[in-house]
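Down below is the structure, laid out as structure tokens.
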Amino acid sequence: MLKNNPVMKKLVETGEERIGKLAQQLLSNEKFVATVQTLVSRSLAAKGTLDSALRTALSAMNLPSTADLEQLRSKVDDLERLLASVEGKVDTLVAAKTGAKKEAK
């Protein structure tokens, strides 16, 4: 209902134009862009510090971190592949031995 209203369409178009102009003005302002870049870099540095502190805290409590769990999951996957390979080889040897016994009889 509101989408088809010409007054609403005009309001939306005007709003979009004004927001576009404002965004363009802000992005052309070097001081604003520099401030945003500083905020982003500080946020990333703070996240890195927090991640490091959490890893230290988890280690102090003898709890695994996400990276530790991923590493363990990778090792378990490797072991499963190795066991599947060994199982396949054992099955092949058993089948060969069973076949040899049948031929000897």
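The values are calculated or read from the model by the stated rules, or taken from the named source; none is laboratory data. Not measured: the values here are computed from a predicted model. Methodologically, a virtual Cβ is constructed for each residue, glycine included, from the backbone with ideal geometry; neighbour enumeration extends over all protein chains shown.
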Check: Does at least one position in region 46-64 carry a residue that is surrounded by fewer than 10 Cβ atoms within 10 Å (Cβ to Cβ) and among the acidic types (Asp, Glu)?
Finding: no
Check: Hey, does region 24-33 have a residue that's surrounded by 11 or more Cβ atoms within 10 Å (Cβ to Cβ), assigned to a helix (DSSP H, G or I), without any contact (Cβ under 8 Å) to a residue 40 or more places away in the chain and within 18 Å of the chain's Cα centre (by Cα)?
Finding: no
Notebook entry, point to check: Do we have any residue at all in region 80-100 that's outside any helix (DSSP H, G or I) and either free of Cβ contacts under 8 Å to residues at least 60 places away in the same chain or of a type outside the set (Ser, Thr, Tyr) (or both)?
Noted result: no
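Quick check on my filter: what residues within region 1-23 are surrounded by fewer than 10 Cβ atoms within 10 Å (Cβ to Cβ) and not in a helix (DSSP H, G or I)?
At the first step, the residues of region 1-23 found to be surrounded by fewer than 10 Cβ atoms within 10 Å (Cβ to Cβ) are 1-4, 6-7.
Correct list: 1, 2, 3, 4.
Condition test on residue 67, is it at pLDDT below 95 and within 30 Å of residue 55 (Cα to Cα)?
Answer is yes for this residue.
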